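The structure appears right after this line, and notes come after that.
The values are calculated or read from the model by the stated rules, or taken from the named source; none is laboratory data. Quantities reported herein were computed from a predicted structural model and do not represent experimental measurements. Cβ placement follows ideal geometry from the backbone for every residue including glycine, while neighbour counts extend to all protein chains displayed. Accessible surface is based on the protein model in full, side chains and every heavy atom, while ligands, DNA and RNA are left aside. Shrake-Rupley method; radii C 1.70, N 1.55, O 1.52, S 1.80 Å.
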Amino acid sequence: MIKKEIAEMLIKQINLELHSGYIYMEFANYYEEKNLPGFAHWYMVQAKEELGHAMRIRTFLIDAGVKVTYSPIADTEKDFKDVKAPLISGLKHEQHITASINKIYEKALELKDHLSANFLQWFIEEQGEEETNAQNNIDKIELVGSSGSALYLLDKEMGRRED
Ligand code: OFO
């Protein structure tokens, strides 16, 4: 049902989604250390979303009878120069994920794997949202600055993100 090449690309995408979660949990660790629990919470929620993305692909493949196995997850960036740096990294990372999803989608169309192409449309939309969220976080911190009472209030707002 699913073309072999697409199945292989999707298995790699599972790894990338798990890596995204790993990256965001690292951001959360950094923000905990900086006494910004709201930012830490926001990224822990994001990490859970990433696990959801990985599981969504896994289910799709398993349902199509594809054998799924996992490979090691790459390391993460750990040193950030200021509280804005992870947010910039986050946007770059999401752009990279979007490019990866688009590549699989284009290949699925090329190989006339319409089932996979249809499945990937959800991810294309989701990536639009992810990039918007990442950009919004940068815009907010640029507005309030990297310290002081405005940052404290922004942290409270970030802490209100729902699971
Ligand atoms: Fe899975 O969307 Fe972010 O990486």
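Distance between the 7 Å Cα→Cβ label points at residue 56 and residue 12: 2.1 nm. Please determine, in degrees from 0 to 90 and to the nearest 10, the orientation of helix 85-110 with respect to the longest principal axis defined by the Cα atoms of the chain, where the helix direction is its Cα long axis. Its long axis makes an angle of about 10 degrees.
Of the cross-linked pairs 67/103; 84/156; 3/92; 3/103; 48/112, those separated by over 25 Å at the C-alpha level are 3/92; 48/112.
Shown are 153, 87, whose ranking by accessible area with a 1.4 Å probe and every protein chain present, most to least, is 153, 87.
Which of the listed residues, 46, 74, 6, is farthest toward the dipole's positive end in the chain, when Lys, Arg count +1 and Asp, Glu count -1 at the beta-carbon? Going by the charge dipole, the pick is 6. Protein heavy-atom accessible surface, 1.4 Å probe, per residue over the range 72-120: 56 Å². Legend: calculated FRET efficiency, residue 114 to residue 157, from the Cβ-Cβ distance at R0 = 45 Å, rounded to 0.05, equals 0.60.
Judged by the mean number of other Cβ atoms found within 10 Å, the most tightly packed of the peptides 101-112, 28-39, 138-149 leads the ranking 28-39, 101-112, 138-149.
Over all other residues within a Cβ to Cβ distance under 14 Å of residue 78, the charged ones net out to -4, with Lys and Arg as +1 and Asp and Glu as -1. Listed values for the range 115-124 are Karplus-derived 3J(HN,Hα) couplings in whole Hz (6.51 cos²θ - 1.76 cosθ + 1.60, θ = phi - 60°), namely 4, 5, 4, 5, 4, 6, 4, 4, 5, 5, and x replaces Gly and Pro.
The mean sequence distance of close C-alpha pairs (under 8 Å, at least 6 residues apart), as a share of the length of the range 11-79, puts its relative contact order at 47 percent.
Highest mean packing first, where packing is the average number of other Cβ atoms within 10 Å per residue, the peptides 19-26, 114-121 line up as 19-26, 114-121.
Computed on the chain, with alpha-carbon pairs under 8 angstrom and 6+ residues apart, the relative contact order is 32 percent. Computed over protein heavy atoms with a 1.4 Å probe, the carbon and sulfur contribution to the accessible area of the chain reaches 53%. Placing +1 on the Cβ of every Lys and Arg and -1 on the Cβ of every Asp and Glu, with nothing else charged, gives the chain a dipole about its Cα centre of roughly 340 debye.
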